[in-house]
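Written below as structure tokens is the structure these notes are about.
Computed from the coordinates by the stated procedures, all read-outs in this text should not be read as laboratory data. Fair warning: this is a prediction, and the values are worked out from it, not measured in the lab. So basically every Cβ, Gly included, is an ideal-geometry build from the backbone, and we count neighbours across all protein chains shown.
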Amino acid sequence: MSMPTAQELTHKPCTSCEGGIAPLSAEEVQVLLPGVEGWELTPDIQRLRRSWVVKNFRAGMDFFNKVAALAEREGHHPDLHLEGYRNVSIELWTHAIEGLSENDFILAAKINEIPIALKR
């Protein structure tokens, strides 16, 4: 597996995953991770996570609405978290395989392109 750039990831569509395939290996995850700036692996290496501190509550909700629209188009749905009214985070993983797939990296790269009003 070669290391795709963020731009290459954003040009790929998420593909349907109903299970029956293995999650990405630790080595495959490490190859894909540099293509999604700002995202980190959870300690169990089962999910991607990224956090932001937004300008205000409305900015967080606007961002989540844009992420939701993208997720619907891609058919791949993240876990969205809002804490303390301006701390937002997103976790990506492929529920059907209980781990990471290429879809998670594709969606992370596309989420990185969504404008977000950050706290200054």
> Calculated from DSSP H runs of 4 or more alone, at -39500 (n - 2.57) each and per residue, what is the 222 nm mean residue ellipticity of the chain, nearest 500?
Replying inline: -10000 deg cm²/dmol
> Mind listing the phi-derived Karplus ³J(HN,Hα) values for the range 62-77, rounded to whole Hz, using 6.51, -1.76 and 1.60 with θ = phi - 60°, and x for any glycine or proline?
Replying inline: 4, 4, 4, 5, 5, 5, 4, 5, 4, 4, 5, 4, 7, x, 9, 10
> With each pseudo-label sitting 7 Å past Cα toward Cβ, what's the residue 89-residue 120 distance in nm, one decimal?
Replying inline: 2.7 nm
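Over the chain, what is the relative contact order in percent, taking alpha-carbon pairs closer than 8 angstrom and at least six residues apart? Numbers along the way, then the final one.
Working: 192 pairs, mean separation 44.7, N = 120.
Taking the mean separation of contacting Cα pairs over the length of the chain, I get 37 percent.
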